[in-house]
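J.: So that we are looking at the same thing, I have put the structure below in structure tokens.
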Amino acid sequence: MSALPPYASTGQRAWFYSYRVICGLIFFFLIAPILVIIPLSFNAQDFFTFTPEMLRLDPEGYSLKHYQDFLTNSDWQLALSNSLKIAPIATLISVSLGTLAAIGLSQSHVPGRRAIMAIMISPMIVPLIISATGMYFFYSNPYIPTPFGKVYLPFTLTGTYAGVVLAHAALGIPFVIITVTATLVGFDKSLTRASAMMGANPVTTFFRVQMPLILPGVISGGLFAFITSFDEVVVVLFVGSAQQKTLPWQMFTGLREQISPTILAVATILVFISICLLTTLEILRRRSERLRGMSPG
């Protein structure tokens, strides 16, 4: 934001500084819960509050034992392993299907594309508990209804890794569609026509011309899909089982059943991971703007 000009009136000066104070208060309101969690994760006691030793900044009041518990406890390690298995596969599916859907819906000749777009991003709008309930009943059915009758399946998807992956992929696809569609807004379609005139087929045109330009949007959508899968707990409670227990599920269990302070250590780790991902998203956003000529190089 530009500096206050020297000829500004009293009202403009008052708004200039009031605006900054309001923004600072909003920022503090949003960030304060996170700032509290981080020092508490180093508490030497099994408490969720600041001890007298911590308030005095006594080194005896701080410890890494909660982080050690996270790295050595079998329950936490199983949950982390499941999250690292499920989230990347769900992200890959979300990126593949979401990118194709965004490219298709960006074509002006597609009939009903606005209605199709609204349907495809509906998982972002519908309350998560409703989506989780619907997925549970859909995955637990031993058959698929078709116009020709019921097609019985030899298995169900509830309580399986495949079911959790597909559920998380369905939640991540809308984020990919939105970010890729936003990237395609500034895409010069004459480039694809020029590629076709040079004899390139649609597949070659996509990978050699279109994909490099929309890649920042694709990666951004993939990061959003990964965060959605990695942090999701409601759907996995409905669709998964104890074998598919993820990190958020273990955190929910720790709060509900045993009040484990290790949750604070895990939350701190997730905060720093989120900061790294958001920084990456901002770098990709700026690169995408430069590629589309929306900002100076």
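J.: Quick one: Debye curve from the C-alpha atoms of region 44-90, no solvent, what's log10 I(q)/I(0) at q = 0.14, 0.27, 0.29, 0.32 Å⁻¹?
T.: Reported log10 I(q)/I(0), two decimals: -0.52, -0.92, -0.99, -1.07.
J.: I would also like to ask the following. Can you run the Rg to Rh ratio on region 160-212? Use alpha carbon positions and the Kirkwood inverse-distance Rh.
T.: 1.19
J.: What is the ratio of the Cα radius of gyration of the chain to 2.2 N^0.38 Å, with N the residue count, to two decimals?
T.: Values: Rg = 24.3 Å, N = 297, 2.2 N^0.38 = 19.1 Å.
This ratio for the chain stands at 1.27.
J.: Right, next: So how far apart, in nm, are the two label points at residue 34 and residue 241 if each is 7 Å from Cα heading toward Cβ?
T.: The modelled label-to-label distance comes out at 3.7 nm.
J.: Please list the radius of gyration and Dmax for region 13-166, considering alpha-carbon atoms only, with Å as the unit.
T.: Both quantities, over Cα of region 13-166: 24.7, 73 Å.
J.: Mark the label point 7 Å from the Cα of residue 231 along Cα→Cβ and return the residues of region 155-191 whose backbone N is within less than 18 Å of it.
T.: Zone members listed by number: 168-179.
J.: Another question, if that's okay. Quick check on packing: order 93-104, 39-50 by the mean number of other C-beta atoms within 10 Å, highest mean leading.
T.: Numbers: 93-104: 20.4, 39-50: 15.4.
Output ranking for 93-104, 39-50: 93-104, 39-50.
J.: Right, something else. If packing is taken as the mean number of other Cβ atoms within 10 Å per residue, what is the order of 206-212, 156-162, highest first?
T.: Values: 206-212: 14.0, 156-162: 16.1.
Packing order, densest peptide first, comes out as 156-162, 206-212.
J.: Moving on to the next point. How do 170-183, 18-31 rank on mean C-beta neighbours within 10 Å, highest first?
T.: Working: 170-183: 23.9, 18-31: 10.1.
Averaged packing, sorted descending, gives the order 170-183, 18-31.
J.: Only helices at least 30 Å long along their own axis, judged from Cα atoms, and with Kyte-Doolittle mean hydropathy of 0.5 or greater: name those in the chain from DSSP H. Before the final figure, lay out each step's value.
T.: On the way: long enough: 10-40 (44 Å, 1.50); 74-105 (45 Å, 1.08); 161-184 (33 Å, 1.85); 262-291 (44 Å, 1.23).
Qualifying helices: 10-40, 74-105, 161-184, 262-291.
No value in this document is a laboratory result; all are computed from the given coordinates. Keep in mind it's a predicted model, so treat the numbers as computed, not measured. All Cβ positions, glycine included, derive from the backbone under ideal geometry; neighbour counts span all protein chains shown.
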